[in-house]
Amino acid sequence: MMRRRARWVEEHQDAGQAAGQRAGAGREADGAAWEMELAGAGVTYPGPVPVRALRPVSLRISAGEMVAVAGRSGSGKSTLLNVLGLLDRPTEGRYLVRGVDTSLLGEVGLTALRAREFGFVFQSFHLLPERTAAENAELGLLYRRMGVRERRDASCEALGRVGLGHRLAALPGTLSGGERQRVAIARALAQRPRVLLCDEPTGNLDRHSAEVVVGLLAGLAAEGLTVIVVTHDLQIAGAMPRCLDIDDGVVSERSAAGLAGQ
C-alpha cells in the first residue's frame, strides 16, 4: 500500500512539475504577469477583539501551477482561498490578478474579474438531484449571454474533459461520489476559467475516488489551468509539486516531498 501511494505521489508530482515548467517558459516568452500575486496581503476581522485571520503574506503563483494549501481546521485556509478567489478583500497589502491591482476595482469590476478568471469546486457537490449531469454542468452558464445550444455544448465538452462524456444523461443519484465530484469540476470548467480553486474537493471521497480526482486535477494543470487545492490531507498535499502550509493565519512554503513522507 505504501509503495502504491508513493508511486501515485511521484506520478502526480512529475505531471505538476512539468506543467509548472511549461507555464514558466510560456510566461517568460510572452512577458505576461504572474497569474496571482499577493504583496503583504492580510485579513483582520474587526470587532471588540480584532481577529487576524490571515497574517501578511507575499507569494506568487504562475499559470499552470498546481498548488496545495494545507492546514488544520481553523488555520486560515478558507480565508486565503476567499482572498485568492476575490470573495473577500485583503484588509492590508495588495492582491494582483494577472497584473490587475484588485484594490482599485469596485464591486462590479471585482465581480466581472472573478467570473472571468476563477472556477470554484467545493467539498459538497451542490448538484441538483433532478437534473442530469449535463444540465448540472451548465448551471454556471445560465446567467451568461449564451444560447441554449452553446451552453449545452460547453457542458458536454467539460464533462468529456473529466471522463464523463458517456454519463451526460445520468442523474446524480446514479453516480458514485467520485463521479459527482467530477460533475462539479465540469461545472466549473464549463465557464472556461484560468484558475480552478478547490476547497477540500476530496473531503467526502474514499481514497480511490480521491486519487482519481487528484489525478484529474493534475491533468488539468498539465493542460495549462492553474489549480489551487485546499486540503487537510497530507497525502493529497504531498501529491502537489508545491505546497503552502498555513497555521494560525501564517503562511509558509514547504516541500511537497517532505509532506508526502509524513
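Placing one equal scatterer on every Cα of segment 151-197 and applying the Debye formula, the log10 ratio I(q)/I(0) at q = 0.14, 0.16 Å⁻¹ is -0.29, -0.38. Annotation: amide H of Phe122 within the under-5 Å range of Asp199, sequence separation 5 or more or interchain, hydrogens built in the peptide plane. One quarter of the convex hull surface built on the alpha carbon atoms of segment 19-170 amounts to 12.2 nm², the projected area averaged over directions.
By the Cα gyration tensor, segment 151-229 has an equivalent ellipsoid whose semi-axes, rounded to whole angstrom, run 18, 17, 10 from largest to smallest.
The Cα trace of segment 85-131 gives Rg and Dmax of 14.0, 45 Å, the first to one decimal, the second as a whole number. Taking the Cα centre of segment 134-262 as origin and assigning +1 to Lys and Arg Cβ atoms and -1 to Asp and Glu Cβ atoms, the resulting dipole is close to 660 debye.
Dimensions of segment 189-238 from C-alpha coordinates, computed as largest minus smallest value along each principal axis and given longest first, are 28, 20, 16 Å.
Coordinate-derived values only; no laboratory data. Note that the coordinates shown come from a computational prediction; the quantities given were computed from them, not determined experimentally. Reconstructed Cβ throughout: ideal geometry from the backbone, glycine too, with neighbour counts over all protein chains shown.
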